[in-house]
Amino acid sequence: MTAPRTPRARRVPNGVRSAPYGFLLPAAVLFLLFFALPIGYALWLSLHRIDVQGLGLGRGARREVWAGLSNYTAALTDSELGHGALRVLGYGAIVVPVMLGLALLFALLLDTERVRARSFSRLAIFLPYAIPGVVAALLWGFLYLPDVSPFHYLLDRAGLPGPDLMDGGALFGSLANIAVWGGTGFNMIVIYTSLRSIPAEVYEAARLDGASPLQIALRIKIPMVVPSLVLTFFFSVIATLQVFSEPTTLKPLTNGISTTWSPLMKVYNDAFVAGNVYAASATAVVLALATFALSFALLRFANSRAKHRGTR
């Protein structure tokens, strides 16, 4: 008997082998043009400065020179940047827990069996997320102004004093309200999708054991959507550190918001008002590194907690 012949491996044509790289090429080009190159250019600018000779009017009187880490030193010792970071931290301390708490509450309510108009409610809660941040800030800004706000009109007709929501400590709540109103819907959809993926048998077993709807929500649903809560928490923290459009849009309506109210507003002011793109680039790099470090630390903490629960 002759031994069975082993099938030969089919030779893949060169065109087929290079096809995956062709599909990846457009994404790679876009990544290089709009992500990698701008980051590299910002790093390059942050290490340089303009050297002005004399009055800076003649040819060659203004030239770009190597600055080393002097721009980073100036950014890290800038009191305006530090005060802006503290304001953003206070703003985030309001936004993140309130927004995630409301998102979790709405997701749990929509996941109950007796809820009515589930599709309409889900759309109504998500709809503010589709409104651009500038439009939302203008909308709420005019609602805050005493001269045009219908709420202040009703309070005035009732003989009650209207609060000043555009100055002092109330300003943090006003800005946080815009972010919560616009971001709760997105986080709710993420958590609600995670809830819908839980097998129905888990709920049936809990009901057979005599668990109430509240106990099912607290002891089954919330623990099983913790990964989604962690994900939305990271997104919310990063968005909070990058707050820009809301205070910038409300700035013309009040004197309580300075041009450096948030770190990103200071970057914009340095680059496009003061004309110092080199200092602005250094500040932007510092903010990017701080955001990355904070996100990495939170992710490590969440992973360590998950591993600790898994070993119990």
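Some observations on this one:
- Residue check: residue 113 meets all listed conditions (1) over 29 Å from residue 224 (Cα atoms); (2) assigned to a loop (DSSP other than H, G, I, E, B); (3) open to solvent by 40 Å² or more (accessible area, probe 1.4 Å); (4) not hydrophobic (A, V, I, L, M, F, W, C) but one, namely (1).
- Screening residue 164 against (1) part of a helix (DSSP H, G or I); (2) open to solvent by 60 Å² or more (accessible area, probe 1.4 Å) leaves a single unmet condition, (1).
Okay, residues lined up against (1) among the β-branched types (Val, Ile, Thr); (2) farther than 17 Å from residue 195 by Cα; (3) touching a helix residue (DSSP H, G or I) at 6+ places or on another chain (Cβ under 9 Å):
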position: 84; (1), (2), (3): no, yes, yes
position: 87; (1), (2), (3): no, yes, yes
position: 94; (1), (2), (3): yes, yes, yes
position: 98; (1), (2), (3): yes, yes, yes
position: 103; (1), (2), (3): no, no, yes
position: 108; (1), (2), (3): no, no, yes
position: 115; (1), (2), (3): yes, no, yes
position: 127; (1), (2), (3): no, yes, yes
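Residue-by-condition table, conditions (1) surrounded by 12 or more Cβ atoms within 10 Å (Cβ to Cβ); (2) over 17 Å from residue 174 (Cβ atoms):
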site	(1), (2)
128	yes, no
138	yes, no
145	yes, no
150	no, no
157	no, yes
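- Count - residues of the stretch 271-309 that are among the β-branched types (Val, Ile, Thr), in contact (Cβ under 8 Å) with a residue 24 or more places away in the chain and open to solvent by 70 Å² or more (accessible area, probe 1.4 Å): 0
- Flag for residue 210 being assigned to a loop (DSSP other than H, G, I, E, B) and more than 30 Å from residue 74 (Cβ to Cβ): yes
- Every pair of residues 6+ apart whose Cβ atoms lie under 9 Å, when the first sits in the stretch 72-84 and is under 19 Å from residue 242 (Cα atoms) while the second is at pLDDT below 95 and open to solvent by 70 Å² or more (accessible area, probe 1.4 Å): 82/76
- Residue list for the stretch 248-270, filter: among the hydrophobic types (A, V, I, L, M, F, W, C) and open to solvent by less than 20 Å² (accessible area, probe 1.4 Å): 250, 257, 261, 265
- For the stretch 21-51, residues that are open to solvent by less than 70 Å² (accessible area, probe 1.4 Å) and modelled with pLDDT under 90 total 3.
The values are calculated or read from the model by the stated rules, or taken from the named source; none is laboratory data. In this text, all values refer to a predicted model and were calculated from it rather than measured experimentally. FYI the Cβ positions are ideal-geometry reconstructions off the backbone, even for glycines, and counts take in every protein chain you see. All accessible areas refer to the heavy atoms of the entire protein, side chains included, with ligands and DNA or RNA removed. Shrake-Rupley method; radii C 1.70, N 1.55, O 1.52, S 1.80 Å.
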